[in-house]
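Report on the structure given below.
The values are calculated or read from the model by the stated rules, or taken from the named source; none is laboratory data. Because the structure is a prediction, the values reported are computed rather than measured. No Cβ is skipped: glycine too gets one built from the backbone with ideal geometry, and neighbour counts run over all protein chains shown.
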Amino acid sequence: MNRITAKEYLLLGKTKSNSKYKNKKVKLDGYTFDSISEANYYAELKLLKKAKKIKSFILQPRYILQESFKRDNKTIREISYIADFEIKHLDDSIEVVDVKGHRTDVFNLKEKMFLKKYPHKFTLIYVKKD
């Protein structure tokens, strides 16, 4: 059996992207990640799960921040937030993680709405550009 390092494994799925924020999309295990840093975090979570340090994790969980509603015969769409990861820890607590290289005004607003509505621990991982 040939073995490769985690870094070599990540480089296998590397793809180019003309992203708004100049990040490089990465394919890994059939998933496409918005950045190398996000893919690296996914690889770390896989190792933590295998080592039984966390119960489970899911990719791109969606949280409804405001329900859709009608006003003046118009339907106003819901506001939702899609995080990068949701981790279920051994004590059944939930941690929501977002890997960011850049904060936007929209993200800042959604973060505040998320923190008001959901009791989960929220972790923002800041990374420099890939």
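On the given criteria, is Tyr63 modelled with pLDDT of 95 or more, hydroxyl-bearing (Ser, Thr, Tyr), in a strand (DSSP E or B) and within 30 Å of Leu109 (Cβ to Cβ)?
Yes; evaluated as a whole, the condition is true for this residue.
Residues being part of a loop (DSSP other than H, G, I, E, B) and either in contact with a Pro (Cβ under 9 Å, 6 or more places away or on another chain) or β-branched (Val, Ile, Thr) (or both): count how many of those fall in region 93-112.
Of the residues in region 93-112, 1 are part of a loop (DSSP other than H, G, I, E, B) and either in contact with a Pro (Cβ under 9 Å, 6 or more places away or on another chain) or β-branched (Val, Ile, Thr) (or both).
Six or more apart or on different chains, Cβ under 7 Å: which pairs go from a residue in region 87-106 that's on the phi > 0 side of the Ramachandran plot and hydroxyl-bearing (Ser, Thr, Tyr) to one that's surrounded by 12 or more Cβ atoms within 10 Å (Cβ to Cβ) and part of a helix (DSSP H, G or I)? Could you list them?
Between residues of region 87-106 that are on the phi > 0 side of the Ramachandran plot and hydroxyl-bearing (Ser, Thr, Tyr) and residues that are surrounded by 12 or more Cβ atoms within 10 Å (Cβ to Cβ) and part of a helix (DSSP H, G or I), there is no close pair.
In the list Leu90, Leu115, which residue meets the criterion of being surrounded by fewer than 11 Cβ atoms within 10 Å (Cβ to Cβ), among the hydrophobic types (A, V, I, L, M, F, W, C) and outside any strand (DSSP E or B)?
Leu90
Could you run through region 72-130 and say how many residues are farther than 24 Å from Lys24 by Cβ and of a type in the set (Ser, Thr, Tyr)?
Looking only at that region, the number is 4.
Among the candidates Lys49, Lys27, Lys53, single out the residue that is out of contact with any Asp or Glu (no Cβ under 8 Å at 6 or more places or on another chain), part of a loop (DSSP other than H, G, I, E, B) and of a type in the set (Lys, Arg).
Just one listed residue meets the conditions, Lys53.
Report whether or not Lys100 is among the basic types (Lys, Arg), surrounded by 12 or more Cβ atoms within 10 Å (Cβ to Cβ) and within 28 Å of Lys128 (Cβ to Cβ).
yes
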